[in-house]
Structures are given as C-alpha cells and as structure tokens.
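Working notes, beginning with the structure itself.
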Amino acid sequence: MLSSVGTVVYGVLVDFISNTMNEDVPKETPSPSPVPQWEQPPPAPEVTYNWVEVTDEFEKACNELDLGELVHAQHFGLFEAMSAIEMMDPKMDVGMIGKHATRKVLTFKQSVEEKNIKLNNLVPEELIVIMDTCQACILSWIEGQSLAQTVFTCLYLHDPYIIEDRCLKAFCIGVLKVCDMIKDKIYKANVFEEEDFQTLTYGFRFATNVTELRVVGMLKEAEDDLSRTIRTTKSNEQNDLTNAHKMSCLQGVFARIKFLRLFLQAIVPFGKKEMDVVQGSKKLLIQMSEQLEIINKTIKLGVPPITTEDGHEVSIGFEPLVNQRLLPPTFPRYTKLKSRYDLLPSYSDIIKKLLAIIEMSNFTSFQSTLDFIVTSSQCNPCVFTRSVLQIVFMADNRKVFGSHLLSDVLKESMRSFNAPPSFSPRYHVLQNNSKAKDVLDAFLARATRTINKLVQAYGHNYARQREKLAAILEDLAILQDDADRCDTDLQTIIQSLDPNTVRSHLTCFGSWTLHHILRVMTQYVLSGFQLELYSEHEYHYVYWYLAEVLLSWQMTTLNRAEGQLQRDETLNEQMQSSKSRSHKKAKKNKKKSRLHAKELLLVQGMQMMSAGTFKVMLGFFLDGKLKTPDCEFDNEATRYEHRFQPFLAVSTPPFMPYKQFREMTDVTQYYPPPSSRDLYMSSSKHFEQAKALYEKMAPSDETQQLLLVAKTNIVVGKLLAGGHTRKSTTKPGFDFSAHPVFPIIRVT
C-alpha cells in the first residue's frame, strides 16, 4: 500500500519538475546574459582580546630554573623543547643573514668591476693573509663544513685565471688542484658520512683542465720569482728594520708557496699501485714540516682582518656572505672557520698521520697492518687521512699495498696464526687435490669479502664505526659457519687420502675466524667507553662481560693456536730428511719461540684489569655507594640486552643472557658470602697481576698508561679493604684521563 502511494507521488513530482523546466528554459540563450544579483554577506563581528602582560612573571619564573634546566609541561615534552631550541638557533636562519647585512655583498666579478679587489701589485703582507686564510678554509672543509661556506668564500678562487699577480695566481690554482685531489681521494675511499664531508660542489670549478705537473710547474716558477726578489732585497745595502720586515714577509710568502707545492706532490701518489712512489712522499712531508715552522712564525705579519659593522671578520679577497644561500642538503649547521693560528697543530697532525701511513706500507703481516688500522681509527683522524689509509692499503689495482692479492695476504695470515695443513709447504696431500682446492677457494673468497668490509668499517669515524662493527658481526658469523664446514670437509679429505696421518684440520680456519670475531666484539665494547655511552651503574656488567666472556674466549683461542703451531713445527722436524745426531741435538736444545706471546700478555692483562674493576664496582654496590636506577622502561635488564644485542648474531661465543649474568655474580650463592672488603682485596690482587704482566712487556705509551692505572688502583683497593672511607656517603669517582677504557678509581 505504502509503496504504491510512494510511486504515484514520485511520478507526479517528476512530471511537475519537467514541465516547469521546459517553460523556464528559453529556446535561445539571451545575449547579453543577465548578471545575477548576490546578497552581500553581513559584516564580520569585531573581535576583542583581553591581553595580559606576563613578561615580568615569565622572567621571574625563568630565573628560578638552573642553567640548562627545562620545564616539563604535560603538552610540552622533550620533542617540542628540542624543536624550539633548534628553531631559535642562529644556524636555522643561515640563509637569511645576507639579506639583513648592513653592507653590500659583492661577487668576484662585481668586485673586479667596482675595483674593490686587487688583481695585481699585492704586497707580501696581503699575500700572507690570503694564503693563510685559504689554508684555514681547506682545513675547515675536510672537517665537514660546506665547500661553498669555506674554500669558495675566497673570491680569487672563483676565477683565478684573470688574476695578474703571478704568485697569487699560481697559489689559487694550486689550492683548487689540492682540493680536487683531496676530493678524489675521499671519494675513492668511500668511508665518509655527511657529518664528515660535504660532497656538493655547487658547480665550482677545480682547475680540472690543468694537470698536476703543470700546477707544480707554476708554483715552482712563483718560487723562483720570489727567490730572485729575496736575493735582491738581501743584497740591498740598507739594513734597517723596514728591510728586515720586508725580508721576513717575502720568506713567509715563499714558505707558503713551497708548502702548497710539496703538499700537492705528496698526496698525488697515494692510492697508486707503485709503492716506491708513495715512499717518495715521505721526504716531501718532512720538508712540509720545515716550511710549516716558517709559516707559523710569519702568520702575524699578514694584514689583520677587518671587522665589519655586521660583526664579520673579513680578510682581503674574502667575502663570508657571498655563498650564504648555497646550503648543503643536510641539516643546517653553523659554519665556524678554523683560525689561521691553528695551521701549525692541524697540519702537523695531518703530516704525522700521513708519515705513519707510509710506514704502514712496509708491514709484512696482515695482523700488524690491521692493528695499525684499528689504532689509527681511535686517534680521531680527519676524513682525509682516514681515506688515504684506505686507498694505500687497497690500491688502484685492488691489491694490498699495490702488490698482493687480499686472498694471498689472508692465506699467509692463516698460515702464521695456526699453520693449517692445507697451507703447509711440507704437506702436499691437499695441495694436489681438486676437491680440496675448490673448498679452499670458496672459503677464501668469502673471507676476502668479509675482511675487506671489516677494514673499510675501521675507516669510518669512531661513532659510525661502532654501527659498522655491529653489522660486520653478521658477516663474520656466516664466515664462521663456512670455516667450520671447510675444516670438516678438509679433514674428511685428509682422512681419505692419508689415513695414518696425525695432522688434523679441525678448528684451524674456525679458530682464525673466531679470533677476528672476538677482536671485533671486544672493540665494539671498548668503543662504548671512548664514546662515553655507558653510565656509571653499567660499568660492572660491561667489565664482567669483557673479563668472563670475550677476553676469556680470546685467551683460549690464542692458546689453542699456539698449540697448533708447536704441533706443526714438531711434525715438520720429524719429516726432515737429515737424521744426524748433532742436528737432532741442536734441534732438541733449540728453544721454541711463541708467536702469540705478546698478544697473550695483552689479552691477559686486559682480563685482569677488567676483573679488578668489576669486583671493586661490585663492592661499591654492596656498600650502597652505587645504586642501579629501576625505571619501568629503563631497568638494568633492558640496558644489558641493549648493550650486547649485536652479539646475538654470533653462535660462538654464545651470548650470555642477563639472567645468567645475575646468577654468576650473585654473592649470596657462596657460603659464607664475600663481603665488600673481600671484593676490594680481590680487586687489588687482580690489579697486581695486571701490573706484573705489563711489566714483562716492552715499554710503550699504552702499557705505561695501563701500569699507572693498575698501580693506583692497587693502592685504592687496599685502602678500601682496610675500611678507608667506609662510612663516607660520597659517591666514588672514575677518572678516565690516564686511559680511555680503564679508570683510576677516586674515593674520598
């Protein structure tokens, strides 16, 4: 019923609308079309605000906060606070500074047209300040600053070919060529991050159309011109202060030109496969050090920079705001140029590191080379020296030091580590077997890729290196499985070809791989101290993991390798053809040297230092002088798992979970349970053992630092065991000034 009525009503409405539309719509569109009349909207209501002056109250509230303290409101947390701080930082307005400058910012072309910059007849004082500021800009650039905000703030570098002064023209082209060479070395090594090096060149030219040989020739010609001028000035009969000042300035300019030429000649060979050419750079670097002393003495002779009305220090030929809008595609940062007076320490450090890299190319073992690379990465090197180290180790022809395949280097490393039968020159059973050769080649191929990644990881800056090492552990875990499989396969082949042999291939490649895994794991933990990642209440389980897991396994691995070496040496002696009695007697009386003795002493010393520090920390916890915070999402178990999470990827050594750590360090499981005094005394004994081990080693900076820490902590441990400061509520201190990993314990 309702549906039929609805249908009828709907039909009537449709007919009515159709008829109405047909009547209103004209047959033709009228011209002109009528303009519709729209009603005007009502005026907007007037809005009034009840403003309240809160400046005085706000300042009063702020004065109650300590320096660095923030108010934590419910709707204004740490994220909003950091955003506010970043937005108010001057670096966020870096592109707007030039707009509000009170002076006119001119480009090089505009400066030349308005004759605001000299192209000829520059006096030595002006050349000195230009050259020094250019060198300071280069140093700022290789420390991570933008190229446009550093090197190319020098207007002369925008187009050096129109400079008429021969000396300045040669220097500017030389600077561009040096920058081009530095950029190429850094690109080739590929161990930089955005905080290390800015890759954007903004279209600036680097004198690529001029060869290195021609640039060196131009600089040499400028040196000859200056030498003639110096001789002329020296022969001048006037011997007054003016003449002496002029001589000093000319010698300063000469030293700067020569320094740049030597620098260019020294860095060109790095990365080439001819190592004898790289060795030739050593002499050039020593000459650079000599010129650097003259440069340092004559810095003050340069024309001092002018401070503009907007607060910028502007040297002759420089405009700090000329490239202000050319920002890198990274988070904005404030550009701070190095001072001209920093040239001596900065370049001295670079020269020292480059000389050490050249010495590295003389190393004959892979282990000593890897130790050098690891140690160098801990000295906070700049991206340039880190890159040079990488390209010297792996030269253009993808060979170690330009002469040896990495697979051959690793083969020799394995042979010297524990003498696997497959690499023994006196055991030819495996060398002539095709199946054994295939197994070896497959393992060496993977080992080469993994170790190459490891060496490259050590080339990154120290903070990034820690991330890379965590990722490398996954590759090393795969290599470890391959090593165990390879050992098993080769042992099967040996048993089938020579059933009566006493030689064994089991654990040979596995031990070598485990050795490198443990070194990476240890380095990962130690880097946390040098990067200051650990809180004081975390020290005890970090040192415990070092002493009881990593260093303990390393001791076992090295002792096993030493045993394999001695067994191989004994078997080789038995196979010798000479059976004379005198020969046997000589061999019998010969004292066998232990190849891993030095490393065993180092590892055992570190183990004792770690154990001693752990026990004194445990004593502090028992005395209540240290407490572990127990937050909901930041308790000790969470931190423990987080600190050692990368170790889960490795099967050997097995990961030690937090529960097992608590069980092994629970003093209540002993009867009677040790007191804090017992722990302090035990700690002192561990430090005494470490001291005895380090005194057996040849003196070095590292061992002297560790000896200082051990001797001091022996005394501290005995004082604590005797009840010294037992009633004191002062929190103990940990002084890392003597050594970055093991602290001197301070109690009051």
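Each value in this text was obtained by applying a stated rule to the coordinates, not by laboratory testing. It should be emphasised that the depicted structure is a prediction, and the values quoted were computed from it without experimental measurement. Neighbour counts run over all protein chains shown; Cβ positions are idealised from the backbone, glycine included.
Structure data summary
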| read-out | value |
| --- | --- |
| Inter-part distance where the stretch 465-485 and the stretch 395-421 are each reduced to a Cα centre, Å | 19 Å |
| Length added when fully stretched, GLU46-PHE76, from 0.36 nm per residue minus Cα-Cα | 7.6 nm |
| In the stretch 633-741, chymotrypsin sites (Phe, Trp or Tyr not before Pro) in a DSSP loop with at most 12 other beta-carbon atoms within 10 Å | PHE633, TYR670 |
| Average Cα contact separation per residue, the chain, under 8 Å, 6 or more apart, as relative contact order % | 10 percent |
| The stretch 50-78 residues near the modelled THR638 label - backbone nitrogen below 14 Å, point 7 Å along Cα→Cβ | none |
| For the stretch 405-527, convex hull of alpha carbons as volume per residue, Å³ | 94 Å³ |
| Correct choice for Cα extents along the principal axes in Å that was computed from the model, options (i) 129, 120, 72; (ii) 158, 68, 50; (iii) 111, 71, 51 | (i) |
| Separation of the ARG449 and ASP701 label points, Cα + 7 Å toward Cβ, nm | 3.8 nm |
| Amide H partners (placed H, <5 Å) of LEU626, local residues excluded | PHE621 |
| Gain in span if fully extended, ASP276 to VAL123, counting 0.36 nm per residue against the direct Cα distance | 51.0 nm |
| Ranked VAL123, VAL439, criterion: other C-beta atoms within 10 Å, fewest first | VAL123, VAL439 |
| Extension gain (nm, one decimal) between ASP371 and GLU193, 0.36 nm per residue minus Cα-Cα | 61.7 nm |
| Cβ-derived FRET efficiency at R0 51 Å, GLU412 paired with MET247, nearest 0.05 | 0.35 |
| Scaled radius of gyration (Cα, divided by 2.2 N^0.38 Å) that the stretch 605-746 gives | 1.15 |
| Loop trypsin sites (Lys or Arg not before Pro), the stretch 646-709, which have at most 16 other Cβ atoms in a 10 Å radius of their Cβ (DSSP) | LYS696 |
| Nitroxide proxy distance, nm - points 7 Å out along Cα→Cβ at THR488 and THR233 | 7.8 nm |
| Cross-link pairs beyond the 18 Å C-alpha cut-off, checked among LYS691/LYS731; LYS399/LYS453; LYS220/LYS258; LYS104/LYS336; LYS282/LYS338 | LYS691/LYS731; LYS104/LYS336; LYS282/LYS338 |
| At 0.890 mPa s and 25 °C, Stokes diffusion of the stretch 108-352 via Kirkwood alpha-carbon radius, µm² per second | 131 µm²/s |
| Cβ-Cβ FRET estimate between THR501 and MET664, R0 fixed at 25 Å, reported to 0.05 | 0.05 |
| FRET efficiency, 1/(1 + (r/R0)^6) with R0 41 Å, evaluated for ASN380 and THR730 via beta carbons | 0.80 |
| Exposure proxy ranking, count of Cβ atoms within 10 Å, fewest first, for PHE384, PHE372, PHE79 | PHE79, PHE372, PHE384 |
| Point-to-point label distance, LYS109-ASN63, nm (Cα→Cβ direction, 7 Å offset) | 5.7 nm |
| Order of THR199, THR513 under a 10 Å beta carbon neighbour criterion, fewest first | THR199, THR513 |
| Whole-angstrom gap from the stretch 344-375 to the stretch 140-201, using each part's C-alpha centre | 25 Å |
| Loop sites in the stretch 273-349: GluC sites (Glu not before Pro), DSSP, at most 15 other Cβ within 10 Å | GLU274, GLU309 |
